[in-house]
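Visitor: Next up is a structure, given as structure tokens.
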Amino acid sequence: MPRPILATIHTPALAHNLARVRHAAPDARVWAVVKANAYGHGIERAFEGLRSADGFAVLDLDEARRLRALDWRGPILLLEGCFDARDLELCSRLGLWHGVHCTEQIDMLAAHKTQLAHRVFLKMNSGMNRLGFTPERFRAAWTRLNALLQVEEISLMTHFSDADGPKGIAHQMAAFDAVTHDLPGERSLSNSAGVLRHGKALAERSDWVRPGIAVYGSAPDFPLNSAAAWGLQPGMTLASKIIGIQQLVAGDTVGYGSSFTADGPMRIGVVACGYADGYPRHCSTGTPVLINGVRCRMVGRVSMDMITVDLTPVPAAGMGSEATLWGRSSTGEILPIDEVAHSAGTVGYELMCALAQRVPVVVE
Ligand SMILES: Cc1ncc(COP(=O)(O)O)c(C=O)c1O
């Protein structure tokens, strides 16, 4: 018998979430962001659910190659562009659009000998101060690119730092518009939070949007809004089973460091899932777990291969009972990945991306 832990990728949920994002920005084309191996879901596994996207945005050439191997003939955008001059040739071979965010990337293009002209997304740093040309330097970069024979098409992009919070996107939109209003080319402006929370402001100003987290069914602005409130469904379920039961009396402790002490008689279920499976070690007592679809709480510390769960709300549970760590239980109850992430002081993105290699995955 294999160890009972299993991750399931939900193809219909991914398709549903993509449609939900489209609904929020109906006039824009959608780059489904599949970097970080489709946020841990696996590019090959997520592909079927996301194939109605207009294009895929990736981080590196390997991800682009994998999409072409799936016979995806449509647009692919290399979000951070080329890391090395040799990559330009591969961009041509794979037919990629690529980001250009710094002078060195323009230098590479200028020195590149090619028959095939490149399609680039010139990136503005409109306030996030990560990648991109500042508004002051943006037009000079555009003019230089525009003069290169190696460049066929220049589109424009920027990335929002605060689309999920009170600061919003207006200041970055203003910086972007002020510099680009009279430049030709398509625009790509927005992540999931921007699309869901500011879709109206983006209408007619973003030819392409770039949602990632929302298509995988996590709320970009949790705990302000839940995935369900945004109409999103879990793209991934992590489930396992109870492999041990302990009956405690008052004063008994559980796990490493004895961090949990029973205040009366209670049953504890030991679930085959630990931090070596990608379950966050920082989850503390109180983190929700579904046992047979019933909300219970994790107690004590997360260990490498196990967690311990208070079975009080589900007295019928026993050896072999289903444990849903996040996602959808077989009874249809949902435990949002965002709640588990929040308990660990992190975000759903990190949990998805950290799903461990040793966890078997099925697609349904
Ligand atoms: C440039 C860029 N666009 C889009 C996204 C997608 O963001 P999200 O997953 O928040 O929708 C990311 C993710 O980090 C990004 O770096």
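Visitor: Select from the stretch 88-150 those chymotrypsin sites (Phe, Trp or Tyr not before Pro) which occupy a DSSP coil region and have at most 13 other Cβ atoms within 10 Å, ordered by residue number.
Guide: Nothing satisfies the criteria.
Visitor: Classify the stretch 31-178 from the C-alpha gyration tensor, please: rounded if a/c falls under 1.5, else prolate or oblate depending on whether a/b exceeds b/c.
Guide: oblate
Visitor: Which residues in the stretch 116-142 place their backbone N less than 13 Å from a point set 7 Å from the Cα of SER161 along the Cα-to-Cβ direction?
Guide: Counting only backbone N, you get 125-132, 134-135.
Visitor: If amide hydrogens are placed 1.01 Å from N in the peptide plane, which non-local residues have theirs closer than 5 Å to the one on GLY185?
Guide: none
Visitor: Here's another thing I want to ask about it. R0 = 25 Å: FRET efficiency of THR134 with LEU59, Cβ-based, nearest 0.05?
Guide: Efficiency, from the Cβ-Cβ distance: 0.60.
Visitor: Please work out the Cα center distance from the stretch 205-230 to the stretch 74-103, rounded to the nearest Å.
Guide: With the stretch 205-230 and the stretch 74-103 each reduced to a Cα centre, they are spaced 26 Å.
Visitor: OK, next. At a Cα cut-off below 19 Å, give the aspartates and glutamates reachable from LYS200, other chains included and same-chain residues fewer than 8 away excluded.
Guide: The qualifying aspartates and glutamates are ASP27, ASP162, ASP164, ASP177, GLU186, ASP221.
Visitor: On a straight-distance basis, which lysines could pair with LYS35 in a cross-link, Cα separation under 22 angstrom, same-chain partners fewer than 8 positions away excluded?
Guide: Reachable lysines: LYS123.
Visitor: Determine the gain in length on full extension of the stretch LEU90-THR312; use 0.36 nm per residue of separation and subtract their C-alpha separation, reporting nm with one decimal.
Guide: 74.2 nm
Visitor: If you don't mind, there's one more thing I want to ask. Restricting to DSSP loop positions (anything but H, G, I, E, B) with no more than 12 other Cβ atoms inside 10 Å of their own Cβ, which GluC sites (Glu not before Pro) remain in the stretch 110-184?
Guide: The qualifying sites: there are none.
Visitor: Turning to a different aspect of this structure: Based on the Cβ-Cβ distance from PHE83 to GLU44, what FRET efficiency comes out when R0 is 22 Å, to the nearest 0.05?
Guide: My answer for the efficiency is 0.40.
Visitor: Assuming a ≥ b ≥ c are the square roots of the Cα gyration tensor eigenvalues, decide whether the stretch 257-364 counts as rounded (a/c under 1.5), prolate (otherwise, with a/b larger than b/c) or oblate.
Guide: The shape class here is oblate.
Visitor: PRE reach from ALA356 (point 7 Å along Cα→Cβ): which of the stretch 216-257 fall under 20 Å by backbone N?
Guide: Counting only backbone N, you get 236-245, 255-257.
Readers should treat all values here as calculations from the given coordinates under stated rules, not as data from a laboratory. Since this is a predicted model, take the numbers as computed values, not measurements. Cβ: placed from backbone, ideal geometry, glycine included. Neighbour counts: every protein chain shown.
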